[in-house]
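See structure below.
The values are calculated or read from the model by the stated rules, or taken from the named source; none is laboratory data. Just so it is clear, the model here is predicted, and its values are computed rather than measured. When we count neighbours, we look across all protein chains shown, and the Cβ atoms used for this are built from the backbone with ideal geometry, even at glycine. The area values use the complete protein model at the heavy-atom level, side chains included, leaving out ligands, DNA and RNA. Shrake-Rupley method; radii C 1.70, N 1.55, O 1.52, S 1.80 Å.
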Amino acid sequence: MTYPTTLRVLAYPAPVLRRKAEPVTVFDADLAAFVERMYQCMYDAKGVGLAAPQVGVSIRCFITDHTQREAKDLHDRRVFINPRIEDAEGEETYEEGCLSFPGIYAKVTRPNRFTLVWQDLTGAEQRQQFDIEAGDFLGVVTQHEFDHLEGKVFVDHLSPAQLTLLRRKLRELETDWKAEHGNAGAVLRR
Ligand code: ZN
């Protein structure tokens, strides 16, 4: 697979954000180099997580570095390929943002405990249990990024009342997209 050399985070309503991403089948140096470029892109944008579809590559891969927002020199870089979520239970609510929704933040309720199973850059299977209530902020980030691989975005979890509050900001993003691309993009139904 050929990966783009220059990465840019695509904002809502980019249609690729609505596509179900394809499994990764080749674990090679090109994939590793692409992931490295994703890291640079995420750090430039000051994000804690980035999914490949957000840079226009519709494959099942996302990265995180959830520590960098507390301490600049302390990193915890993780790469999740072909992830799946198992045994999800409970509920926890966190305020979330998304690099594809600049300036938009909202409280999202997600399962509190779950097991994540994924492949690393060598293709080896990994698994980890998360308990958000016990302090696993990475559990919030991984669920958010997992959604991107399913063509879902965090605002899909919001109530109509929450969406009403964000209407003006969503419209601004829709206007920006239309000005640059000449089409409406994949606009949220609301
Ligand atoms: Zn996001």
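If you go through segment 1-53 and keep only what is within 23 Å of Glu172 (Cα to Cα), at pLDDT below 95 and touching a helix residue (DSSP H, G or I) at 6+ places or on another chain (Cβ under 6 Å), you end up with nothing. Comparison of Val153, Val117 shows that the only residue that is open to solvent by less than 10 Å² (accessible area, probe 1.4 Å) and within 16 Å of the ligand (Cβ to nearest atom) is Val153. Look through segment 156-178, keep the residues that are charged (D, E, K, R) and closer than 15 Å to Ser100 by Cβ, and return whichever of them is least open to solvent (accessible area, probe 1.4 Å). Out of the qualifying residues, it is Glu174.
Screening His181, His144 for residues that are within 16 Å of the ligand (Cβ to nearest atom) and either surrounded by fewer than 19 Cβ atoms within 10 Å (Cβ to Cβ) or under 15 Å from Phe62 (Cβ atoms) (or both) leaves exactly one candidate, His144. For segment 120-135, name all the residues that are open to solvent by less than 50 Å² (accessible area, probe 1.4 Å) and either under 17 Å from Arg78 (Cα atoms) or in a helix (DSSP H, G or I) (or both). The answer is Asp120, Gly123, Ala124, Phe130, Ile132.
Scanning segment 31-64 for residues that are of a type in the set (Phe, Trp, Tyr) and away from the ligand (no atom under 16 Å from the Cβ) returns a single hit, Phe34.
For residues that are in contact (Cβ under 8 Å) with a residue 40 or more places away in the chain and open to solvent by 10 Å² or more (accessible area, probe 1.4 Å), scanning just segment 25-46, find the one that is farthest from Gly123 (Cα to Cα). Restricting to residues being in contact (Cβ under 8 Å) with a residue 40 or more places away in the chain and open to solvent by 10 Å² or more (accessible area, probe 1.4 Å), the top hit is Ala45. Apart from one condition, Tyr94 fits all of (1) of a type outside the set (Asp, Glu); (2) more than 16 Å from the ligand (Cβ to nearest atom); (3) open to solvent by 50 Å² or more (accessible area, probe 1.4 Å); the exception is (2).
When the residues of segment 70-91 are filtered to those that are modelled with pLDDT under 95 and of a type in the set (A, V, I, L, M, F, W, C), which remaining residue is most open to solvent (accessible area, probe 1.4 Å)? In this case the residue turns out to be Leu74.
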